[in-house]
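**Student:** My questions all concern the structure below.
Coordinate-derived values only; no laboratory data. Nothing here was measured: the structure is a model prediction, and the numbers come from that model. Every residue, glycine among them, receives a Cβ derived from its backbone with ideal geometry; neighbour counts consider all protein chains shown.
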Amino acid sequence: MSQKPRKLQRVSKACDFCNRRSIKCRPIEDPLGRCQNCADFDVPCTFDRPAKRRGVKGGSRASGRDVRLVSASVDNDVHIAAGSAGGRASGSPTSRSSHRPSVSSDPWSTFNHGWPIAEGDDHDGPLHNSWKSFAIACDRQVRNLVQVYFEIVYPIFPLFHMPSLIEQVNSKEHLRNQGLFASTMALCSLVSARVRDGALYSNRWHREELIDPPSEAFFAAARDSIPRDLVAVKGIHYMRACAILAIASIQNGQIKNMQKYSGFYHTLTSMEGLYDEKLWPKDLTPIETEERRRLFWSIYTLDIYSTIVWGGVIRYRETHSLVRYPSEIDDEFITHHGYGVPPILPGSDSLSPSNVTVVSRQPVTWLRGWNFTTDLYRILEHVVDGNRRHFSSANGTTPVWPLFSPLSISEPAVMDQVLTMYSALPPQFRETLPTTGDMSKDLFGFQSANIQATLQLLRMVLLSREEIGVERKCDVAGEVLSVFSNVPVEYLKAISSPLLHHLGGIGYILGSVMEGSLSEASYTRVRTLLLEMADLLERLETGLHRASGAGERLRSQVDRIDGYMRTSVLLNLTAPSNATQIVNAKSDPAVPTSYTPGIPAAGTLPGAGLDQMSQFQLPPELLADWPWPLDSCNTEGFLPLAFE
């Protein structure tokens, strides 16, 4: 007599695999005792998670409702954003949860492969799936933004290996790896913000297609994909995501967010040991090694830059770091298995005499210039230290640095050495040719532009603690403006918002001139420099989403001072005996006239009365709206470059 088959009972508790994915756990006749899903995916069917009491805890009903409302809101927002991207998701949530034994080409199959959940993050599953839906719907835009990243961001922040990232995004790997997803969404946020701010210089792309959904949507996706418990975070992807979010925050003028994500990055760096190659995993491939080196030194330079601009502390010193520079090899010659050899270039052309030996050489790569910029920031670190010592007596502590007899830092001595290093660079890094749209050529242009900007930043920081005269300050400001004016504006716009803060140093120098004693000749020169700077700022700020309006404010400031100058000269001509009182008079700064240097007032003799105005000082009220801080005794940011 045959036995009646045993009726399968409904399981009272889902296995760990099904529980993490919020899917139905169906028992089957399996020799290993696995459920249907675990058998399909050939994974162990375990029940190791701690049991929890069922029901709602007392006093928690409201918070549970809030969580459901937030999840519903996120889902709704994501689907709206996804619709605006032009991509429509097919299938209902139920169909997306159906299981297949292997990963198919259908991107929605990624929902079958849940991300590893960090401790304390298990309730974020619906939120993560919502952002996955968003990324799938925006797939075409994501792939385009990745391509644009390598044109306008990668030359300054080469945080990814180009062929690897493109392959990973095309194969939807970021939908199966939460860390890669976070860094990819952060990348999209940064690129979208720069595109919105006018950084595109190639006609291959349509701006409108790259900025919808906006940068903020990708930023939120990246932010929500970083586990709240940083102790449970592992690998380079999350470090890189935090670093890119910090850069994106600068682009969007959100400086507190920049500090926040920089702090996350440095926390992860300390836990992962990124600052010392001996602490890195032993099984890293050449690609992973190079990406770590590029990440470390990229954010080292960002750390020095943010300390100069916004004050604060330097988190990692070069002397505390045991990380090599990135290898000066193009990405195409770096593989998971080793380093390739670039083709050998001939050392001379066909016109060389036949009796001259032709020497072959390796081609110069753009990373040579990138590493030189890092050298400049390492020098800047020590200049910052020297300047901070200058102010250290104000904190009431006993100075200890004199015990170590530090060498004095002078602008001529440092710049002579730096310019010697600069002159030894290949010519590709000492001239900035116009953009061509050919990335292999434009990479060198970006390095040249960035080297010039960093050289000028170094020079301004060196001069910030030295007592130099008005003429010298004007010379420096004029030379810096000349350098920036000669760099093709396409490179400056691609570097974007961070470059505007470099120019703040010129405003600080010229502002210190305006605060001091002036003559008509010195004011005329400063006025010319200020108008040149306003022109440059307005060119760079055109299209910026978070433009500070510094150029326009600078012009308005000059107009007000012109009015004061014209009124003061006229009054001085009519009452020369009261010259001292007139010079310090607080006249109405809103005089709607313009000052014409060198042209005396109508009805007066050339030069009459001008000797009385040979030295004067502008009223403080005229400088109240200066776009940059003028407090030279500021101990927090000794060179305060940020726009107010």
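**Student:** About the Cα centre of region 387-525, how large is the charge dipole given +1 on each Lys and Arg Cβ and -1 on each Asp and Glu Cβ? Please answer in debye to the nearest 20.
**Tutor:** On the way: 10 positive and 13 negative charges, 69 e Å.
The calculated dipole for region 387-525 is roughly 340 debye.
**Student:** At a 10 Å Cβ-Cβ cut-off, how would you order ILE23, ILE28, fewest neighbours first? List each step's numbers first, then the result.
**Tutor:** Numbers: ILE23 17, ILE28 13.
With the sparsest Cβ surroundings first, the list reads ILE28, ILE23.
**Student:** Based on the Cβ-Cβ distance from ILE468 to ASP535, what FRET efficiency comes out when R0 is 30 Å, to the nearest 0.05?
**Tutor:** 0.75
**Student:** Fewest Cβ neighbours within 10 Å first, please rank MET421, MET415 accordingly. Spell out each step's value before the answer.
**Tutor:** Details: MET421 12, MET415 16.
Going from least to most buried by this count: MET421, MET415.
**Student:** Sticking with this structure for a sec: So for SER327, SER130, fewest C-beta neighbours within 10 Å to most, what's the order? Each step should come with its number before you reach the end.
**Tutor:** Working: SER327 17, SER130 23.
In order of increasing Cβ crowding within 10 Å: SER327, SER130.
**Student:** Here's something else I'd like to know. If I model a spin label at SER171 and ASN19 as a point 7 Å from the Cα along the Cα→Cβ vector, what separation in nanometres do I get?
**Tutor:** 3.3
**Student:** Suppose R0 equals 56 Å. What FRET efficiency, 1/(1 + (r/R0)^6) with r the Cβ-Cβ distance, do PHE47 and HIS320 give to the nearest 0.05? Before the final figure, lay out each step's value.
**Tutor:** Values: r = 47 Å, r/R0 = 0.84.
Efficiency, from the Cβ-Cβ distance: 0.75.
**Student:** Hey, another quick one. Tell me, in nm to one decimal, what length is gained between THR524 and GLU216 on full extension, where the rule is 0.36 nm per residue of separation less the Cα-Cα distance? Provide the component values of the computation, followed by the final result.
**Tutor:** On the way: separation 308, 0.36 × 308 = 110.88 nm, distance 4.45 nm.
Working it through step by step, the gained length comes to 106.4 nm.
**Student:** Rounded to the nearest 0.05, what FRET efficiency do ARG204 and GLU431 have when you use their Cβ-Cβ distance and R0 = 35 Å?
**Tutor:** Details: r = 25 Å, r/R0 = 0.72.
My answer for the efficiency is 0.85.
**Student:** Can you give the charge dipole size of region 111-333 about its Cα centre, rounded to the nearest 20 debye, using +1 on the beta carbon of Lys and Arg and -1 on the beta carbon of Asp and Glu? Intermediate values should be presented prior to the final figure.
**Tutor:** Values: 23 positive and 28 negative charges, 77 e Å.
Dipole about the Cα centre, nearest 20: 360 debye.
**Student:** Starting from the Cα-Cα distance between ASP30 and PHE404, subtract it from 0.36 nm times their residue separation and give me the gain in nm to one decimal.
**Tutor:** On the way: separation 374, 0.36 × 374 = 134.64 nm, distance 7.40 nm.
Separation in residues times 0.36 nm, less the Cα-Cα distance, equals 127.2 nm.
**Student:** Percentage of Cα-Cα pair distances in region 111-333 greater than 27 Å, rounded to whole percent?
**Tutor:** Numbers: 7384 of 24753 pairs.
For region 111-333, the share of Cα pairs beyond 27 Å comes to 30 percent.
**Student:** Work out how much length THR420 to GLU332 would gain on full extension: take 0.36 nm times their residue separation and subtract the Cα-Cα distance, in nm to one decimal. Write down the numbers at each step before the final one.
**Tutor:** Working: separation 88, 0.36 × 88 = 31.68 nm, distance 3.19 nm.
Using 0.36 nm per residue and subtracting the Cα-Cα distance, I get 28.5 nm.
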